[in-house]
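The values are calculated or read from the model by the stated rules, or taken from the named source; none is laboratory data. None of these values were measured; they are calculated from a predicted model. Don't worry about glycine lacking a Cβ; one is built from the backbone with ideal geometry, like all the others, and counts go over all protein chains shown. Note: accessible area is taken over every heavy atom of the protein model, side chains too, but ligands, DNA and RNA are not part of it. Shrake-Rupley method; radii C 1.70, N 1.55, O 1.52, S 1.80 Å.
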Amino acid sequence: MNKREKFLISSLLWFTGLVLLFVIIYFLSIVKFNNAYMEEEYHELPIFQKQIEYAISPYLENKDFKSLEKYCRIFENTDVKIKIFDKDKKLIASSLTNDKESVLDESQDLNADSQNKRKFDIIDRHKIIGLVKKVQPGNEAYYLKLTVSEEDVMKILLQAQHYLFLFILLFILFVISSIIYIIQKLRIPFNVLQESVIKIANGELDTEIKVPKLELLEELAVCIKKMAQRLKNQINRLKQLEEYKSDFIQNVSHEIKTPITAINSAIELLELKNNINEQDKECYEIIVHQSKMLNSLVNDILSLSEIEVEKTGEHKNFKRFALNELIESIVNYTIPSDIKINLINKHIINLLGDKELISTAVSNLLINAVKYSKSENIDVIISCVENFAQIEVKDYGIGISQEHLPFLFDRFYRVDKARSRKNGGTGLGLAIVKNITELHNGTIAVKSNLGEGSNFIIRIPMENI
Ligand SMILES: Nc1ncnc2c1ncn2[C@@H]1O[C@H](COP(=O)(O)OP(=O)(O)O)[C@@H](O)[C@H]1O
Ligand SMILES: [Mg+2]
């Protein structure tokens, strides 16, 4: 489930929750309204009783029970039920067609003898209010019973509220369909815009951003377009600066190489003559050592700059080669024979990459292990981990303390400057390794503890593009 789907579902849940809340409030208000209505009826019942009493008196006086029945039927569909009983408490007229109460039901505790008694009672879980009044229009006594049941009130109220409820339901349906319509209308241009933005985020800055006709997204699309253009300009400017920098470094390095070559030729000449006296020997050795240092420094700077140029370039010079064979030849031909190197080929790997550069990276790690670790044993392990070719160079020597590890791959960073310089180190070896692995979309990591040796791990994706 993507973020947008999650958003839609949560919005829908919120909306459903709101509708439910509305329905609950609606029904609670109906109940509240009912109670208020019943309370009102409770107060109005005696007034109503007086009016009825006045209206039925002539019928009772004339004993015209037919007309009395007719009169009562007018109230058939109202919430007030009217019943009239004779002096023996037998029913003689009712507003109900088939009234089951043929004798005055005193179980409801509506005291028939009291002059004017009203009371609330609960029947079948419904509240019922009523009163019984003894009336005596002529010589004979009659009982007039008026009742209002909550059930009837509810029925009438619900009937009235039926239309309101239907209207609200239609309104909710209208709101939901409007929201769905708006979402649908937004979805297509939004998807198109999202696709373009994802492409830009993945570095395809030339992606065409289609400006949707929808006003809501138009401004956003124009802004994204501007942003992509500015980003492209900045990147081009940076690339240009990087090119200037590399050109400058390469020019300077080549310029420095010319005098170094001259110095080296002079040293060789001096060596051939073989007549350096003891006094000059020390000076001569300093010149030889420093010249070598200078030479390797210029070579390292040059190769670092070349890798950086290749990193920013679009086309990489990658070919498929046998990784195990390459590392075997490095181990056999570049490392002194007094150090034991165990080459462990866990997997045979055909890697797509720059063979020369991979060779430089592995050599740098091996030379470091030989130079610095003072370990007599070095393991080189080639394996395949997930979709990565993994090359481990593991020594069991002096190790590196934790505080140095985060900076080890920085340019010119050396743990022990004096020792490194004495060994001919420039501090660029590991920076070169890092750049080479990055050029191959890979990683370099180190695990080390002081006195326990170091393990440098290169990982390069098998399917390099
Ligand atoms: N296998 C190792 N054992 C101990 N120290 C190491 C090892 N590899 C590198 N180092 C330390 O890391 C520093 C940086 O290495 P590197 O970038 O190759 O520079 P350098 O030109 O000095 O060899 C070295 O100066 C050394 O102190
Ligand atoms: Mg080194």
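Listed values, structure above:
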item: Test: residue in segment 348-357 that is more than 15 Å from ligand 2 (Cβ to nearest atom) and either of a type in the set (Gly, Ala, Ser) or farther than 16 Å from PRO461 by Cα (or both); result: yes
item: Strands (runs of 3 or more DSSP E) within segment 48-167 that include 2 or more residues open to solvent by less than 40 Å² (accessible area, probe 1.4 Å), modelled with pLDDT under 85 and within 29 Å of ALA36 (Cβ to Cβ); result: 126-135, 142-149
item: Qualifying residue in segment 28-38 (condition: in contact with a strand residue (DSSP E or B) (Cβ under 8 Å, 6 or more places away or on another chain) and open to solvent by less than 80 Å² (accessible area, probe 1.4 Å)); result: yes
item: Restricting segment 304-345 to residues that are small (Gly, Ala, Ser) and either modelled with pLDDT of 90 or more or part of a loop (DSSP other than H, G, I, E, B) (or both), the residue that is farthest from the chain's Cα centre (by Cα); result: SER337
item: Residue match in segment 387-395 (condition: small (Gly, Ala, Ser) and either more than 40 Å from the chain's Cα centre (by Cα) or within 21 Å of ILE301 (Cβ to Cβ) (or both)); result: no
